[in-house]
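A quick write-up on the structure given underneath.
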């Protein structure tokens, strides 16, 4: 039986994280044992959020064998489990993002609503159902309830990933691996270098837990009247730009964005604290709105929260190019540009003492180069979504889901082309990639 080893840098990183999070360091030896190799695929996509579904669907439509791993019991990531129901920076884009919008509209589950003009708003359950259908249509394999726990690496290449699930510890072998976890989990486990937080103190943008309310008689809203009602009650909102997103086809149902939950999104103890805090804040705010908000609010009720935190910023994996604030300010275009970004630099205050909202920095529309999707020192490992290669400021612009889909499309297509030529993604003809990417994005939408 062939044996696969975990990269030593990844083992060291896990040990240091454990040491830093415990006041007293204890260690226990885990006995070595053989792990079954249960699957083999051309392209392994780790993470089923916006970037992951885009990478998987695009690669499969290009003819590759694709396996998509997801830790939750459904696809969509921040779009579904995270409760974010608006697709930002999508208006100037064609391809898969336009297909998704068109098919959701055909179900009466997507539209543009005041005061939100930044992107289409959709229904969560409709998005879940559509992604299920498209997974079946494209022929990808999907495995839910699965965590990637380690990566096997041999020199400058990875050979696959170790997973944990109800089926136990298993190994999946792959020719190319794409990290679409959002947090850069797979790349970190492969020993890839990364940045985390702003350079002066390492602090990251806060996380958000959404709530879903019913019974509201008004319309979508930004800041007011919710902020004023909370302030009159003496309630300090952690996010003062509190907002309501209506759910298409569901009268009176809105997603409530009202929390800023500070600290690292890759620290399980901080994540646990934030979940409790977020649910408590949402319950208290809903009660205040119901009892003090007047006629529009008197019948509201909390349907649910989450079910998981939306993380804005975690690891930024170092790639073959590092996108910077200077690139954004110059509106830089690249010969290997695979995504054109128009969304502003949108920074939610990393420290509550600096504010409980957000601020913007100047920028010009710019390109994300293909090289930002290629891990710096691993030839067959790619990234898509918010964990691609860039600095804290650039990340605050390209982190939104419209751009995550575009980077996922590019990564999936590049991986499929590499498999067809039996080469690694770092060696593909980028001119061919851009030509094919344009063709894919401009083709007619399928019948809905």
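The values are calculated or read from the model by the stated rules, or taken from the named source; none is laboratory data. Note that this is a predicted model, so its numbers are computed, not measured. Neighbour counts run over all protein chains shown; Cβ positions are idealised from the backbone, glycine included.
Observations
- Identity of the residue in region 327-359, in a loop (DSSP other than H, G, I, E, B) and farther than 23 Å from residue 370 by Cα, that ends up farthest from the chain's Cα centre (by Cα): 355
- Assessment of region 30-50 against the conditions (at pLDDT 95 or above and either at positive phi or assigned to a helix (DSSP H, G or I) (or both)) yields at least one matching residue.
- Residue among 180, 163 that is surrounded by 23 or more Cβ atoms within 10 Å (Cβ to Cβ), at pLDDT 95 or above and in contact with a helix residue (DSSP H, G or I) (Cβ under 6 Å, 6 or more places away or on another chain): 180
- Those residues of region 288-316 which are crowded, with 17+ Cβ neighbours inside 10 Å and within 21 Å of the chain's Cα centre (by Cα), in sequence order: 305, 306, 308, 309, 310, 311, 312, 313, 314, 315, 316
- Residue, surrounded by the most Cβ atoms within 10 Å (Cβ to Cβ), within region 143-160, restricted to residues that are part of a loop (DSSP other than H, G, I, E, B) and under 22 Å from the mean Cα position of the chain (by Cα): 146
- Residue within region 97-112 that is crowded, with 23+ Cβ neighbours inside 10 Å and out of contact with any strand residue (DSSP E or B) (no Cβ under 7 Å at 6 or more places or on another chain) present: yes
- Tallying residues that are surrounded by 19 or more Cβ atoms within 10 Å (Cβ to Cβ), out of contact with any strand residue (DSSP E or B) (no Cβ under 9 Å at 6 or more places or on another chain) and within 18 Å of residue 365 (Cα to Cα) within region 317-353 yields 1.
- Hits in region 183-203 (condition: at positive phi and in contact with a helix residue (DSSP H, G or I) (Cβ under 7 Å, 6 or more places away or on another chain)): 191, 197
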